[in-house]
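J.: I am attaching a structure below and will ask some questions about it afterwards.
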Amino acid sequence: MIKEIKSIPLAAFLSRLGHEPAVRKGTRLWYKSPLRQEQTPSLKVDTAINCWYDFGLGKGGNIIDLASELYLSTDLRYLMRCIANNYPVPSVQTAASSFAPRHSAPGMERFEVVPLEHRALVAYLQERGIPAHIATANCKEAHYSVSGKPYFAVAFENVNGDWELRNRYFKGCRGRKDISYLPWSRDGPSTECAVFEGLIDYLSAIALDIISGADAIILNSVVNVNKVVPYLRNYTVINCYLDNDNAGQTALAELTAIYGSTVIDRSTLYSEFNDLNDFLVNQSSTIQQNK
């Protein structure tokens, strides 16, 4: 069974998580590391031997080693379930389903959520073009420890009541990964909904003031696209701000197949960039240079 898990193509697994290679050189694929925010791809996958190496982290290995970094755990059973949840290999899923589900990644202890105030986290979001007042109004701050070492991250709640976590070096989840649903008003749903792949793109839309009055859904991973179907059926307009890559376009196609002309591809706004946040950062940089 371990052998079958290790045979899962790393490129296909990363694609299911919403990560596509930025550069292809034969059997070597270069990615912006999913383990942190970066502009220059530093994670290499060699498809010939199905192994990865993150030059920024100084670590590499097989799919289990990658899952260990992604989900902050060394518990093999937990990692098998995480892999099976994202890549449907029947025998792996059957085996993983026999393990008792865990509420959160093993080793993530003393988890506490407080208002977002930490200067390093606010600065991290500001570097991504998100003003401090938008960051603090829409995000929380999580403190936790792994193997006795303290960590902190920007925290954002999903529909399970679990937490999506982000900081300069880490991108993951505490608990069960799912979508985040954000009604614009408590008085009732809007007729429009905006769909984003991740938290940073959602915050970017607020900073750009392009979704005022619309409800919002954050996928938190393109593998969750099927989970939005019950939430979208009553909207007359579904604005999709998805990434300009294969994973984003596949998710857009899946939603269009269900909702037809109700779905509007808003990625044309940032057609020269990978995602909405890249567009925002570039725009902010241009404004600063022109001052």
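The values are calculated or read from the model by the stated rules, or taken from the named source; none is laboratory data. Quick caveat, the model's predicted, so the values are computed rather than measured. Cβ sites come from the backbone with ideal geometry, for glycine too, and all protein chains shown count toward neighbours.
J.: Does the stretch 140-150 hold any residues that are buried (at least 19 other Cβ atoms within 10 Å of the Cβ) and of a type in the set (Gly, Ala, Ser), and which are they?
T.: Within the stretch 140-150, just Ala142 meets the criteria.
J.: While we're on this one: For the stretch 139-180, give me every one of the strands (runs of 3 or more DSSP E) that falls completely inside it and has 3 or more residues that are on the phi > 0 side of the Ramachandran plot and without any contact (Cβ under 8 Å) to a residue 24 or more places away in the chain. Walk me through it before giving the result.
T.: Details: elements: 140-146, 149-157, 163-166, 171-174.
Fully inside the stretch 139-180 and qualifying: nothing.
J.: For the stretch 151-194, how many residues meet the condition of being surrounded by fewer than 17 Cβ atoms within 10 Å (Cβ to Cβ), in contact with an Asp or Glu (Cβ under 7 Å, 6 or more places away or on another chain) and of a type in the set (Ser, Thr, Tyr)?
T.: Summing the residues that are surrounded by fewer than 17 Cβ atoms within 10 Å (Cβ to Cβ), in contact with an Asp or Glu (Cβ under 7 Å, 6 or more places away or on another chain) and of a type in the set (Ser, Thr, Tyr) in the stretch 151-194 gives 0.
J.: Going by the conditions given, is Gly61 closer than 25 Å to Asn274 by Cα and modelled with pLDDT of 80 or more?
T.: On the way: closer than 25 Å to Asn274 by Cα: no; modelled with pLDDT of 80 or more: yes.
When the stated conditions are applied, Gly61 does not pass them.
J.: Quick one: in the stretch 45-89, of everything that is acidic (Asp, Glu) and part of a strand (DSSP E or B), which residue is nearest to Glu164 (Cα to Cα)?
T.: Going residue by residue through the stretch 45-89, those that are acidic (Asp, Glu) are 46, 54, 65, 69, 75.
Now restrict to residues that are part of a strand (DSSP E or B): 46, 54.
Working: Asp46: 29, Asp54: 22 Å.
Out of the qualifying residues, it is Asp54.
J.: In this structure, does Tyr202 turn out to be of a type in the set (Phe, Trp, Tyr) and modelled with pLDDT of 95 or more? Lay out the reasoning, then the answer.
T.: Details: of a type in the set (Phe, Trp, Tyr): yes; modelled with pLDDT of 95 or more: yes.
Here the answer is yes, as Tyr202 does meet what is asked.
J.: One residue is enough: does the stretch 32-42 have a residue meeting the conditions assigned to a helix (DSSP H, G or I), modelled with pLDDT under 80 and either assigned by TED's automatic domain parsing to the domain that holds Tyr124 or within 17 Å of the chain's Cα centre (by Cα) (or both)? Outline the logic, then answer.
T.: Filtering the stretch 32-42 for residues assigned to a helix (DSSP H, G or I) gives none.
No; the residues of the stretch 32-42 include none that is assigned to a helix (DSSP H, G or I), modelled with pLDDT under 80 and either assigned by TED's automatic domain parsing to the domain that holds Tyr124 or within 17 Å of the chain's Cα centre (by Cα) (or both).
J.: If you take the residues of the stretch 11-31 that are assigned to a helix (DSSP H, G or I) and in contact with a helix residue (DSSP H, G or I) (Cβ under 9 Å, 6 or more places away or on another chain), which of them is surrounded by the most Cβ atoms within 10 Å (Cβ to Cβ)? Walk me through it before giving the result.
T.: Residues of the stretch 11-31 assigned to a helix (DSSP H, G or I): 11-16.
Filter again for in contact with a helix residue (DSSP H, G or I) (Cβ under 9 Å, 6 or more places away or on another chain), leaving 13-16.
On the way: Phe13: 21, Leu14: 24, Ser15: 20, Arg16: 17.
Once the filter is applied, the top-ranked residue is Leu14.
J.: Now for a different question. Considering (1) of a type outside the set (Gly, Ala, Ser); (2) surrounded by fewer than 20 Cβ atoms within 10 Å (Cβ to Cβ); (3) in the same structural domain as Pro115 (by TED's automatic domain parsing), say which one Leu232 fails and leave the rest.
T.: Going through the list (1) of a type outside the set (Gly, Ala, Ser); (2) surrounded by fewer than 20 Cβ atoms within 10 Å (Cβ to Cβ); (3) in the same structural domain as Pro115 (by TED's automatic domain parsing), Leu232 breaks only (3).
J.: So which of Ala194, Ala155 is outside the structural domain of Leu242 (by TED's automatic domain parsing) and hydrophobic (A, V, I, L, M, F, W, C)? Step through it out loud before you land on a result.
T.: Working: Ala194 fails: outside the structural domain of Leu242 (by TED's automatic domain parsing).
So the residue among Ala194, Ala155 that is outside the structural domain of Leu242 (by TED's automatic domain parsing) and hydrophobic (A, V, I, L, M, F, W, C) is Ala155.
J.: Filter the stretch 32-57 down to residues that are without any contact (Cβ under 8 Å) to a residue 40 or more places away in the chain, under 20 Å from Gly198 (Cβ atoms) and surrounded by 14 or more Cβ atoms within 10 Å (Cβ to Cβ), then give me how many there are.
T.: The initial filter retains those residues of the stretch 32-57 that are without any contact (Cβ under 8 Å) to a residue 40 or more places away in the chain, namely 32-33, 38-49, 53-57.
Retained after the next criterion (residues that are under 20 Å from Gly198 (Cβ atoms)): 32-33, 38-43, 54, 56.
Adding the requirement that they be surrounded by 14 or more Cβ atoms within 10 Å (Cβ to Cβ) leaves 32-33, 38, 41-43, 54, 56.
Looking only at that region, the number is 8.
J.: Still on this structure: Filter the stretch 58-79 down to the residues that are over 13 Å from Ile2 (Cα atoms), of a type in the set (S, T, N, Q) and buried (at least 16 other Cβ atoms within 10 Å of the Cβ) and list them by number.
T.: Ser68, Ser73 - these are the residues of the stretch 58-79 that are over 13 Å from Ile2 (Cα atoms), of a type in the set (S, T, N, Q) and buried (at least 16 other Cβ atoms within 10 Å of the Cβ).
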